[in-house]
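Q: If you scroll down you'll find the structure; I have some questions about it.
The values are calculated or read from the model by the stated rules, or taken from the named source; none is laboratory data. In this text, all values refer to a predicted model and were calculated from it rather than measured experimentally. Virtual Cβ from ideal backbone geometry, glycine too; neighbours counted across all protein chains shown. Remember, those area values only see protein heavy atoms, side chains included, never the ligands or the DNA or RNA. Shrake-Rupley method; radii C 1.70, N 1.55, O 1.52, S 1.80 Å.
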Amino acid sequence: MKDKIEGCLVAGAAGDALGYTVEFTGSYAAIQAQYGPEGITKYDIDYPRMAGSARHTEALISDDTQMTLYTIEALLEVERSDAPLLPMITQAYLAWMGGQMGRNVTISYTSHLATIEALNQRRAPGQTCLTALLSIHAGEKPYNTSKGCGGVMRVAPIGIYGASHGWSLEDTARMAGDVAEITHLHPLSSYSSAALAVIVQLALQEEGEIDADRFKEIVAHAVEVVGRVYGDFDNRMSQFRRTVANAVQLAGAPRSDSEIIERQLGGGWVAEETLAIAIFSVLRHIDDLGASLICAVNHGGDSDSTGAVAGNIHGAILGYSAIPERFTASLQFHDLLLTMAHRMCPGS
């Protein structure tokens with residue numbers, strides 16, 4: 001399981017970093033105009049992310065991987081202290097918010113991540129995440145109806161934790177949904193986050209090869225679990241099921257990756273679209289992790305989040321050893337991600 005846990009976290013960060021450069025490009029055509037007919041296929045390390053920003057020497061991760069790392073830190077702190085999980089993750093996110101906003105936030109544990117200056121640089125943080133956490137910091141309950149992808153992008157570690165601790169799939173689904181609901185209160189965010197965590201857990205626990213047919217079964221199983229946990233009584237659950245089923249079906253369509261994503265799967269700005277694009281990309285390129293990352297980011301939407309979630313899933317399927325070297329070399333926080341992965345492994 002160790003190689004798969006490493007793969008889940010590092011490939012997620014690789015998809016995030018690959019997509020971060022083109023997140024606000026606007027369309028696949030615009031990406032092609034800058035990077036050529038195949039779009040972006042490798043890190044553009046020399047390209048400043050924002051106007052006026054300094055050039056850098058690494059492929060920068062965004063808020064997606066930042067919050068994923070803070071999720072892991074909270075899970076590890078629960079292991080050490082036996083504290084309740086959800087409040088601990090909330091505190092971790094408050095520490096992340098403090099770094100983004102330049103605020104002093106006092107939490108119950110000493111956050112190592114909060115001391116790493118480069119990890120707490122602003123990387124286009126989601127406004128829903130910041131607003132909700134500011135409310136929590138002020139002692140107020142967040143109120144929104146957001147189904148933005150800020151929940152689903154950070155919950156893969158819940159699937160890892162569930163796999164390493166023998167949780168039931170229902171427990172994993174509920175916890176991942178609850179973690180997303182710290183900031184995003186729309187049911188479709190909860191359903192998508194729950195499904196991602198269950199997919200990750202199932203992939204990690206699978207002992208045999210996961211081919212396209214087996215991955216379809218895993219996705220279908222995850223959707224069934226989400227339905228059992230949340231109930232299947234309203235049109236939002238039906239919409240979630242249709243969105244996932246559409247992604248699976250379209251993976252066999254003859255058109256190009258980008259055409260299918262942009263015309264039929266959406267931009268990934270909302271949770272169910274992020275999950276759908278990730279599932280499509282992984283299924284479309286089930287034996288080639290690098291190709292699925294490229295597929296997941298080459299569109300005019302939230303490329304870093306769709307790349308991150310695709311990487312989480314495909315890394316959990318194929319493992320760290322399947323990540324092409326061009327996506328591990330020069331990846332910001334590569335070694336930290338591996339360290340955190342090792343600490344998440346069973347028996348560590």
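Q: Rank Val179, Val198, Gln239 by how far each Cα sits towards the positive end of the charge dipole of the stretch 168-263 (+1 on Lys, Arg Cβ; -1 on Asp, Glu Cβ) and give me just the farthest.
A: In the stretch 168-263, that residue is Gln239.
Q: How much accessible area does Leu338 have with a 1.4 Å probe, in Å² rounded to the nearest 10?
A: Only protein atoms counted, so the area is about 30 Å².
Q: Same structure again: Taking a quarter of the surface of the convex hull around the Cα atoms of the chain, what do you get in nm²?
A: Taking the Cα atoms of the chain, their convex hull projects to 15.9 nm² on average.
Q: If you build a Gaussian network model of the chain, linking Cα atoms that sit under 10 Å apart, which residue out of Val229, Val22, Val179 swings the most?
A: Comparing Val229, Val22, Val179 in a Gaussian network model of the chain, the most mobile one is Val229.
Q: Okay, next question. Can you show me the helix-derived [θ] at 222 nm for the chain, built from DSSP H runs with n ≥ 4 at -39,500 (n - 2.57) apiece and divided by the number of residues, rounded to the nearest 500.
A: Calculated mean residue ellipticity at 222 nm is -19000 deg cm²/dmol.
Q: Continuing with this model, one more query. Between Val155, Val198, Val105, where does the largest GNM mean-square fluctuation fall for the chain, given springs only between Cα atoms within less than 10 Å?
A: In the Gaussian network model the winner is Val105.
Q: Obtain the nm distance between the two label points defined at Gln264 and Ala329 by a simple spin-label model: each point lies 7 Å from its Cα along the Cα-to-C-beta direction.
A: According to this spin-label approximation, the distance is 3.7 nm.
Q: With springs connecting C-alpha atoms under 10 Å apart, model the chain as a Gaussian network and identify which of His314, His299, His285 has the largest mean-square fluctuation.
A: Taking springs between Cα atoms under 10 Å, the residue moving most is His285.
Q: Would you pull out the residues with amide H under 5 Å of Gly148's amide H, same chain only if 5 or more places away, H placed 1.01 Å from N?
A: HN-HN under 5 Å from Gly148: Ala271.
Q: When the convex hull of the Cα atoms of the stretch 1-124 is projected onto a plane and the area is averaged over all directions, what value comes out in nm²?
A: 9.6
Q: Still on this model: Would you mind telling me the share, in percent, of accessible area of the chain contributed by carbon and sulfur at probe 1.4 angstrom?
A: Reported share for carbon and sulfur atoms: 48 percent.
Q: Under 19 Å Cα to Cα from Lys4, which lysines show up? Leave out anything in the same chain fewer than 8 places away.
A: The qualifying lysines are Lys216.
Q: Tell me the Rg and the Dmax, in Å, that the Cα atoms of the stretch 217-279 produce.
A: Rg then Dmax for the stretch 217-279, in Å: 12.2, 36.
Q: Here is a further query. For the stretch 243-326, report the accessible area per residue in Å² (1.4 Å probe, heavy atoms, rounded to an integer). Mind showing how you got there, number by number?
A: Working: 2430 Å² over 84 residues.
Solvent-accessible surface per residue comes out at 29 Å².
Q: With every protein chain kept in place and ligands, DNA and RNA left out, what is the accessible area per residue of the stretch 125-177? Probe 1.4 Å, answer in Å².
A: Per residue, the stretch 125-177 has 38 Å² of solvent-accessible surface.
Q: Any idea what the relative contact order of the stretch 185-308 is, in percent, if you count C-alpha pairs under 8 Å spaced at least 6 apart?
A: Reported as a whole number, the value is 25 percent.
Q: Could you compute how much accessible surface Glu140 exposes when probed at 1.4 Å, giving the result in Å² to the nearest 10?
A: The accessible area of Glu140 comes to roughly 110 Å².
Q: Taking 2.2 N^0.38 Å as the expected size of a compact globular protein, what ratio does the Cα radius of gyration of the stretch 197-348 give against it, to two decimals?
A: 1.05
Q: Between Arg122 and Ser256, what is 0.36 nm times their sequence separation minus the Cα-Cα distance? Round to one decimal in nm.
A: Stretched fully, the Arg122-Ser256 segment lengthens by 44.9 nm.
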